[in-house]
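Notes to accompany the following structure.
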Amino acid sequence: MEQLEPTLAAIAAADTIDAVEALRVAALGKQGWVSALLKSLGGMSPEERTSTGPRIHAAREAVAAALSERRAALESAALEAKLAAETADLSLPAPAAPRGSVHPVSQVMDELAEIFADMGFAVATGPEIEDDWHNFTALNMPETHPARAMHDTFYFPDQDAQGRSMLLRTHTSPVQIRSMLSQGAPLRVIAPGRVYRSDSDATHTPMFHQIEGLVIDKGIHLGHLKWTLETFLKAFFEREDIVLRLRPSYFPFTEPSVEVDVGYTLVNGKRVVGGSGDAANGGWMEVLGSGMVNRKVIEFGGLDPNEWQGFAFGTGVDRLAMLKYGMDDLRAFFDGDVRWLAHYGFGALDVPTLSAGVGVPVGVRA
Ligand code: DAH
């Protein structure tokens with residue numbers, strides 16, 4: 001019992017909750033000295049037990065009471081300190097009210113809608129949970145087509161009522177089919193929206209944004225496509241010196257297919273869209289896929305390809321935003337970091353209009 005006084009003194013002197021806890025374990029824990037004394041009662045004679053028992057119990061009570069008193073005192077001191085530290089200084093000016101901002105992806109989609117609306121395009125939408133017929137088959141990618149494998153598709157385990165595999169759309173191109181089937185021809189639509197692929201690094205995220213364009217009419221040819229893309233890119237980048245380079249390419253849904261490069265100029269080591277890519281300090285970068293709509297796709301859209309022709313194009317909205325506004329890591333777009341949003345976001349009242357900002361220069365209007 002000689003441990004009682006030193007234990008009570010140590011408890012009174014303990015200055016942290018952890019120290020109190022260590023003392024509790026040393027006394028009342030399984031291996032503690034009080035517990036050991038309590039266990040020794042079993043081996044005592046009844047007389048010994050009658051005289052020693054109450055003293056051991058009293059010691060246990062005294063230690064437990066001292067522990068809880070010390071713990072309460074330390075806790076209330078900690079609370080006092082916390083309250084003192086958290087005092088609000090009411091004489092300080094009020095902090096700035098948090099202000100939301102428009103995400104660059106939303107801003108760019110609004111800019112694109114504004115630019116294409118001026119050229120007579122309506123905005124069309126389709127479901128993000130698509131079936132493989134709209135996403136692939138009707139776009140001239142039959143089941144065995146190698147391009148299907150290239151799309152890193154997220155599939156759902158179930159099929160729909162018509163036995164079609166369900167998936168997260170891998171591109172906005174299925175909206176071409178949906179628009180033809182629901183609206184017929186002639187047709188002029190853009191379809192901005194989210195698309196999904198199982199891919200992730202600095203330039204790829206599993207969800208990203210595309211915009212699709214589709215024109216179906218009579219006598220449409222590549223010249224219409226080139227004029228439209230040039231007009232769009234000049235309006236989007238808000239400069240006249242946009243130079244395009246069309247390269248032959250392959251997409252199952254267009255024939256012929258072209259990839260569109262835009263010329264850039266190196267300014268302080270950064271690529272700035274504008275100027276010929278063949279210039280000494282310039283280069284070309286790919287910005288769009290496009291082409292004349294494949295006859296088979298027009299048929300899948302319920303139209304007669306002998307009567308109707310068209311062109312289509314598709315591009316990444318996030319990439320366009322990066323090029324125009326100078327961000328270099330795509331992943332930051334979807335981190336939700338308020339500092340990034342405060343830096344790159346747009347004011348809610350910064351609505352893009354052709355007259356203020358997103359302007360089709362007068363010289364290129366039809
Ligand atoms: N769907 C294509 C992709 O995701 C992009 C594309 C290319 C769309 C050519 C088109 C087109 O409409 O004509 O890679």
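Read the figures in this text as sums done on the coordinates, not as results from a lab. Only a predicted model underlies this, so the values are computations on that prediction, with no experimental measurement involved. When we count neighbours, we look across all protein chains shown, and the Cβ atoms used for this are built from the backbone with ideal geometry, even at glycine.
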| Tell me, what is a quarter of the convex hull surface for the C-alpha atoms of the chain, in nm² with one decimal? | 34.5 nm²
| query | Along the charge dipole of the range 104-349, Cβ charges K/R +1 and D/E -1, which of GLY219, GLY316, ALA342 sits furthest on the positive end? | reply | GLY219
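Taking Cα pairs under 8 Å and at least six residues apart, what relative contact order does the chain come out at, in percent?
Numbers: 589 pairs, mean separation 60.8, N = 366.
It comes to 17 percent, rounded to a whole number.
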| For the chain, what does -39500 (n - 2.57) per DSSP helix run (n ≥ 4), summed and divided by total residues, give at 222 nm, in deg cm²/dmol to the nearest 500? | -12000 deg cm²/dmol
| said: Let me confirm the definition first: pairs of Lys residues in the chain, 8 or more apart or on different chains, C-alpha distance under 23 Å. How many are there? | reply: 9
| request: About the Cα centre of the range 259-301, how large is the charge dipole given +1 on each Lys and Arg Cβ and -1 on each Asp and Glu Cβ? Please answer in debye to the nearest 20. | output: 100 debye
| Listed residues LEU354, MET207, VAL272: farthest to the positive end of the dipole of the range 202-355 (Cβ charges) | VAL272
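Roughly speaking, what % of Cα-Cα pairs in the range 4-83 are separated by over 20 Å, rounded to a whole number? Walk me through the numbers before you get to the answer.
On the way: 1234 of 3160 pairs.
Roughly 39 percent, once rounded to a whole number.
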| field | Percentage relative contact order, the range 131-205, counting C-alpha pairs under 8 Å, at least six apart | value | 33 percent
| task | With viscosity set to 0.692 mPa s and temperature to 37 °C, compute the Stokes-Einstein D of the range 162-242, Rh being the Kirkwood radius across alpha carbon pairs; µm²/s, no decimals. | result | 217 µm²/s
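Neighbour counts of other C-beta atoms within 10 Å: give me MET44, MET322 arranged from fewest to most. Before the final figure, lay out the partial values.
Details: MET44 13, MET322 20.
Exposure proxy ranking, most exposed first: MET44, MET322.
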